[in-house]
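Here's the structure, in structure tokens; my notes come after.
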Amino acid sequence: MQKSITAIILCIIGAISICACSQKTEEFKVIEIGNAYENREPVMASDYFSAIDYIPLETSEESLLNGTNALTILPAEDRVIILNRMERKADATIESFDLSGNLLEFKAEYGRSEEEFTNVRHIVLKDDELFVFQATRISIYDLNGNYKESIHFQEGINSIQPPFMIDKRTFGILGNDIENKKFCIDLIDTTGKRIYGKPFASHTEEAGKERFIERNGMKIPLPTFPAAHFYTNNEKVFFAQKLNDTLYTIDTKDLQKRASYIFDYGKYIDHKSPKRNLFIMETKHFLQCRVLFNKELFNTEPGYISPTFIYDEASGKTRMIPHNKEFDRSGFVNDVNDDALLFMPEVCSGDKMYQLFDAVDFIEFAERSNSAKIKEVAAGITEESNPVLVIGTLK
């Protein structure tokens, strides 16, 4: 009898332990957007960065870049590769610079031959290979722009979002089952075939609702933009629905989503805007995200319509990066170099974060800075120069 009671007690303890473990795995990290929005405080660069370096990119006829809004940067181990979009979005060049800012040769060029690229939608870097996604194919190059091969799509793939890598030649893209109101992860395989995935998240009718414009008495359909997004950085893939409070991690092995973070918007919930979360990037120290506030609904101040938030992994605290009225921009306060520059990372790779800083703005910062370092860099550029590459090294 005593043994039976003992066995029962042990079973109960085991069950409680299992429940406790289960509850523990279901705990989410809460990003307190509303609280951080109301209690604004500067976020110091020294909290996370050990060094911040400024690298002016070589300026020449061969390397002339457009404004920073037209540039996409991909860091590699010994260089950065930049997609330089032209006035027409279909036109682009690809430039490569070493980490001293010197122009490197990138052999592939814009054009219509099999070894060239045109109508570029996205670029992805993986294992020293550059994948250039176009309207009808993926062109694959090495880091020097030497052509390797192409994957031609077997059917039209008009993805407005960057794909994520599953293995060396398989890619995941967001699929939308409009009829059943479900999001899917569709695959593009090595032959360019689109493999339709199983539904993994529900959505509302608005996510697949057809839109039209009237022109000369005719209804012309517009592209359908699903209210969800994949965010990829540092080999990790996140999934968020614009009107959902949950941020999921996508396991590229089994393509399952797992809840990682919860956004607590407080009183700033907006059920009307199809774009609430705009940007997600995670480092070993913090998660960086940008949120869109409805200007009319919340009477948002200038500079705070789309602020950036930092969730600290160690403390669990969320802070919002305030807007600097003097410079009319936001960023980490750079106390690492004790200068005026506001650092707002755009890309993370390994233990480094990157930003392209327009030359005109950089010169303006230098004029107001006491930093000999930033003044020295600014003295070597003009307002017509290529952007300055800012690299922050994480602690």
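Restricting attention to segment 102-136, report how many residues are crowded, with 19+ Cβ neighbours inside 10 Å and touching an Asp or Glu at 6+ places or on another chain (Cβ under 7 Å).
2
Take segment 366-395 and flag every residue that is more than 21 Å from D47 (Cα to Cα) and in contact with a Ser or Thr (Cβ under 9 Å, 6 or more places away or on another chain).
K375, A378, I381, T382, E384, S385, N386, P387
Is it fair to say T72 is crowded, with 16+ Cβ neighbours inside 10 Å, touching a strand residue (DSSP E or B) at 6+ places or on another chain (Cβ under 6 Å) and polar (S, T, N, Q)? Outline the logic, then answer.
On the way: crowded, with 16+ Cβ neighbours inside 10 Å: yes; touching a strand residue (DSSP E or B) at 6+ places or on another chain (Cβ under 6 Å): yes; polar (S, T, N, Q): yes.
Criteria met by T72.
From the list D254, D338, D328, D245, pick out the single residue that is surrounded by 16 or more Cβ atoms within 10 Å (Cβ to Cβ), free of Cβ contacts under 8 Å to residues at least 60 places away in the same chain and among the acidic types (D, E).
Details: D254 fails: surrounded by 16 or more Cβ atoms within 10 Å (Cβ to Cβ); D338 fails: surrounded by 16 or more Cβ atoms within 10 Å (Cβ to Cβ); D328 fails: surrounded by 16 or more Cβ atoms within 10 Å (Cβ to Cβ).
That would be D245, the only listed residue that is surrounded by 16 or more Cβ atoms within 10 Å (Cβ to Cβ), free of Cβ contacts under 8 Å to residues at least 60 places away in the same chain and among the acidic types (D, E).
Modelled with pLDDT of 95 or more, surrounded by fewer than 22 Cβ atoms within 10 Å (Cβ to Cβ), charged (D, E, K, R) and more than 15 Å from G67 (Cβ to Cβ): is that true of K395 in this structure? Steps first, please.
On the way: modelled with pLDDT of 95 or more: yes; surrounded by fewer than 22 Cβ atoms within 10 Å (Cβ to Cβ): yes; charged (D, E, K, R): yes; more than 15 Å from G67 (Cβ to Cβ): yes.
Yes; evaluated as a whole, the condition is true for this residue.
Could you go through segment 113-136 and let me know if any residue there is touching a helix residue (DSSP H, G or I) at 6+ places or on another chain (Cβ under 8 Å), modelled with pLDDT under 90 and polar (S, T, N, Q). Break it down into steps so the answer makes sense when it comes.
So in segment 113-136, the residues touching a helix residue (DSSP H, G or I) at 6+ places or on another chain (Cβ under 8 Å) come out as none.
Checking segment 113-136: not a single residue is touching a helix residue (DSSP H, G or I) at 6+ places or on another chain (Cβ under 8 Å), modelled with pLDDT under 90 and polar (S, T, N, Q).
With the requirement that a residue be in a helix (DSSP H, G or I), free of Cβ contacts under 8 Å to residues at least 40 places away in the same chain and either charged (D, E, K, R) or crowded, with 21+ Cβ neighbours inside 10 Å (or both), what does segment 369-384 give you? Quick ask: steps written out before the conclusion?
Narrowing segment 369-384 to residues in a helix (DSSP H, G or I): 372-379.
Add one more test, that the residue is free of Cβ contacts under 8 Å to residues at least 40 places away in the same chain, and what stays is 372, 375-376, 378-379.
Correct list: K375, E376, A378.
If you take the residues of segment 386-395 that are within 17 Å of L99 (Cα to Cα) and in a loop (DSSP other than H, G, I, E, B), which of them is farthest from the chain's Cα centre (by Cα)?
At the first step, the residues of segment 386-395 found to be within 17 Å of L99 (Cα to Cα) are 386-394.
Narrowing further to those that are in a loop (DSSP other than H, G, I, E, B): 386-387.
On the way: N386: 23, P387: 20 Å.
Out of the qualifying residues, it is N386.
Is it the case, given these coordinates, that D358 is in contact with a Gly (Cβ under 7 Å, 6 or more places away or on another chain), touching a residue at least 12 places away in the same chain (Cβ under 8 Å) and acidic (D, E)?
Values: in contact with a Gly (Cβ under 7 Å, 6 or more places away or on another chain): yes; touching a residue at least 12 places away in the same chain (Cβ under 8 Å): yes; acidic (D, E): yes.
Yes, satisfied.
Within the bounds of segment 75-90, is there any residue that is in contact with a Lys or Arg (Cβ under 6 Å, 6 or more places away or on another chain) and modelled with pLDDT under 90? Steps first, please.
Start the filter on segment 75-90 by keeping residues that are in contact with a Lys or Arg (Cβ under 6 Å, 6 or more places away or on another chain), which leaves none.
No, there is no match, as no residue in segment 75-90 is in contact with a Lys or Arg (Cβ under 6 Å, 6 or more places away or on another chain) and modelled with pLDDT under 90.
Which of the numbered conditions does I178 fail, given that it passes all the others? Conditions: (1) without any contact (Cβ under 8 Å) to a residue 12 or more places away in the chain; (2) surrounded by 14 or more Cβ atoms within 10 Å (Cβ to Cβ); (3) under 22 Å from K257 (Cβ atoms).
(1)
Do we have any residue at all in segment 149-169 that's buried (at least 20 other Cβ atoms within 10 Å of the Cβ), in contact (Cβ under 8 Å) with a residue 40 or more places away in the chain and not in a strand (DSSP E or B)?
Checked segment 149-169: at least one residue is buried (at least 20 other Cβ atoms within 10 Å of the Cβ), in contact (Cβ under 8 Å) with a residue 40 or more places away in the chain and not in a strand (DSSP E or B).
On the given criteria, is L356 among the aliphatic types (A, V, I, L, M) and in a strand (DSSP E or B)?
Working: among the aliphatic types (A, V, I, L, M): yes; in a strand (DSSP E or B): yes.
Yes.
Is it the case, given these coordinates, that E155 is closer than 21 Å to P387 by Cα and of a type in the set (D, E, K, R)? Give the derivation first.
On the way: closer than 21 Å to P387 by Cα: no; of a type in the set (D, E, K, R): yes.
The answer is no for E155.
The values are calculated or read from the model by the stated rules, or taken from the named source; none is laboratory data. This is a predicted model, so every value here is computed, not measured. All Cβ positions, even for glycine, are placed from backbone atoms using ideal geometry, and neighbour counts span all protein chains on display.
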